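Participant: Supplied in structure tokens, the structure appears directly below.
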Amino acid sequence: MKPFGYQRPTTTAEAVRLCAEGTGARFLGGGTNLVDLMKLGVEEPGLLVDVTRLPLDRVAPDPDGGLRIGATVRNSDLAAHPDVRRAYPVLTQALLAGASGQLRNTATTGGNLLQRTRCSYFQDVSKPCNKRLPGSGCPAREGSHRDLAILGHSAECVATNPSDMAVALAALDATVLLLGPEGERAVPVTEFHRLPGENPDQDTVIRPGELITEVVLPPPVPGTVSRYRKARDRASYAFALVSVAATLQVEAGRVERATLAFGGVAHRPWRARRAEAELLGAPATPAAFQHALIAELAEAQPLRDNAFKVDLVRRVAQDVLGELSEPHGPEAGPTT
């Protein structure tokens with residue numbers, strides 16, 4: 001066992017200070033990913049700064065009609081929150097599709113956003129991996145990559161982001177609030193995670209010592225319906241082969257508004273901007289949905305063993321959009 005220090009601050013300012021001062025310091029939330037990586041030898045922090053006692057465990061209405069979610073709110077509590085279930089059902093569905101009940105009771109909102117890829121080469125310290133050890137290579141490109149990326153990957157890395165929750169937050173245009181040594185800042189969830197490029201060791205745009213304090217959801221759009229769906233190898237406790245989070249507003253048979261995000265296909269939740277542009281003003285029909293999705297996936301670059309994911313994500317997304325567009329589909333959000 002590698003020795004490490006442990007601190008439990010009582011304020012966010014103290015947590016940021018401790019992390020900035022500690023060599024190799026990491027914030028500790030639920031620990032459902034970090035502690036596993038420590039056992040595997042992937043992570044070897046010199047100091048754990050336990051943030052679970054900070055006053056970041058509330059879900060509260062935002063003055064503009066949205067919702068503010070504290071970084072230490074547990075995934076189970078967030079999924080069950082009445083305001084989330086009522087106004088953001090896609091988020092509840094995504095949270096309940098992740099992990100197991102026991103893990104959701106422990107995992108936190110901030111930790112979920114920072115969880116790392118489950119690529120087997122990243123988790124095996126006996127293997128090269130550019131994400132774990134930059135410059136060592138990416139054996140997944142020619143090795144085992146059935147579950148890995150088809151969009152936005154690079155010669156350096158083909159890993160995928162494992163989160164369900166982050167895919168829903170991307171479709172909802174959520175914002176991440178950060179506190180660091182240089183102060184506070186806000187980052188859209190769609191820009192929080194990175195594509196790998198030449199620096200796959202950097203999963204996010206978070207700066208050294210920065211702490212996630214809240215996630216802010218914008219007000220729900222009246223008349224909009226939403227859904228999350230996940231395709232995986234078994235019915236529970238499995239990461240997504242592909243997943244889809246969508247919101248849709250249809251008026252007089254045409255798409256007034258659509259947001260669409262894919263999971264399990266890229267180094268970050270993949271916001272399908274091209275498909276959204278194709279859908280805007282288009283008839284809400286299966287043919288129009290298929291046209292938009294084919295346009296989005298034209299830039300897919302599948303590897304030897306994961307070409308099936310291109311068709312799989314297209315079919316899952318088409319089914320979700322079709323169900324959302326039905327006259328008696330999911331109940332629309334609140335009207336104002």
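Participant: Of all residues in the range 170-181 being of a type in the set (A, V, I, L, M) and over 25 Å from S226 (Cβ atoms), which is least open to solvent (accessible area, probe 1.4 Å)?
Facilitator: So the residue we want is L178.
Participant: Hey, among the residues in the range 300-327 that are charged (D, E, K, R) and open to solvent by 30 Å² or more (accessible area, probe 1.4 Å), which one's modelled with the lowest pLDDT?
Facilitator: Here the answer is E326.
Participant: In addition: Assigned to a loop (DSSP other than H, G, I, E, B), in contact (Cβ under 8 Å) with a residue 12 or more places away in the chain, under 22 Å from D305 (Cα atoms) and among the acidic types (D, E), is that true of D173?
Facilitator: So D173 fails the test.
Participant: Of all residues being crowded, with 23+ Cβ neighbours inside 10 Å and among the small types (G, A, S) in the range 103-125, which is farthest from R268 (Cα to Cα)? Just the residue, please.
Facilitator: A107
Participant: Based on this model, can you work out whether R274 counts as open to solvent by 20 Å² or more (accessible area, probe 1.4 Å), in contact with a helix residue (DSSP H, G or I) (Cβ under 7 Å, 6 or more places away or on another chain) and closer than 18 Å to V90 by Cβ?
Facilitator: no
Participant: Do you know which residues across the range 126-146 are surrounded by 24 or more Cβ atoms within 10 Å (Cβ to Cβ) and either more than 23 Å from the chain's Cα centre (by Cα) or in a loop (DSSP other than H, G, I, E, B) (or both)?
Facilitator: Within the range 126-146, C129, N130, K131, C138, H145 meet the criteria.
Participant: Do the conditions hold for P63, that is, is it of a type outside the set (F, W, Y) and closer than 20 Å to A186 by Cβ?
Facilitator: When the stated conditions are applied, P63 passes them.
Residues are listed down the side, and each one gets a yes or a no for (1) at pLDDT 95 or above; (2) under 12 Å from the mean Cα position of the chain (by Cα):
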| position | (1), (2) |
| --- | --- |
| D164 | yes, yes |
| A168 | yes, yes |
| R185 | yes, no |
| T190 | yes, yes |
| N199 | yes, no |
| T204 | yes, yes |
| G209 | no, no |
| V216 | yes, no |
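Participant: I'd like to check something: does the range 278-289 contain any residue that is at pLDDT 95 or above, within 21 Å of the chain's Cα centre (by Cα) and open to solvent by less than 70 Å² (accessible area, probe 1.4 Å)?
Facilitator: No, the range 278-289 contains no residue that is at pLDDT 95 or above, within 21 Å of the chain's Cα centre (by Cα) and open to solvent by less than 70 Å² (accessible area, probe 1.4 Å).
Participant: Please verify whether the range 153-169 includes one or more residues that are surrounded by fewer than 24 Cβ atoms within 10 Å (Cβ to Cβ) and not in a loop (DSSP other than H, G, I, E, B).
Facilitator: Checking the range 153-169: at least one residue is surrounded by fewer than 24 Cβ atoms within 10 Å (Cβ to Cβ) and not in a loop (DSSP other than H, G, I, E, B).
Participant: Still on this structure, please answer the following. Wholly within the range 182-261, which strands (runs of 3 or more DSSP E) include no fewer than the required count, namely at least 1 residues that are farther than 20 Å from S163 by Cα and either touching a His at 6+ places or on another chain (Cβ under 8 Å) or open to solvent by less than 60 Å² (accessible area, probe 1.4 Å) (or both)?
Facilitator: Fully inside the range 182-261 and qualifying: 183-188, 225-231, 242-251.
Participant: Any chance the range 67-85 includes a residue that's free of Cβ contacts under 8 Å to residues at least 12 places away in the same chain, touching a Gly at 6+ places or on another chain (Cβ under 9 Å) and over 20 Å from Q115 (Cα atoms)?
Facilitator: No, every residue in the range 67-85 fails to be free of Cβ contacts under 8 Å to residues at least 12 places away in the same chain, touching a Gly at 6+ places or on another chain (Cβ under 9 Å) and over 20 Å from Q115 (Cα atoms).
The values are calculated or read from the model by the stated rules, or taken from the named source; none is laboratory data. Computed from a prediction, not measured in an experiment: that's the story for all the values here. Virtual Cβ from ideal backbone geometry, glycine too; neighbours counted across all protein chains shown. Side chains are part of the model used for accessible areas, which takes the heavy atoms of the whole protein and leaves out ligands, DNA and RNA. Shrake-Rupley method; radii C 1.70, N 1.55, O 1.52, S 1.80 Å.
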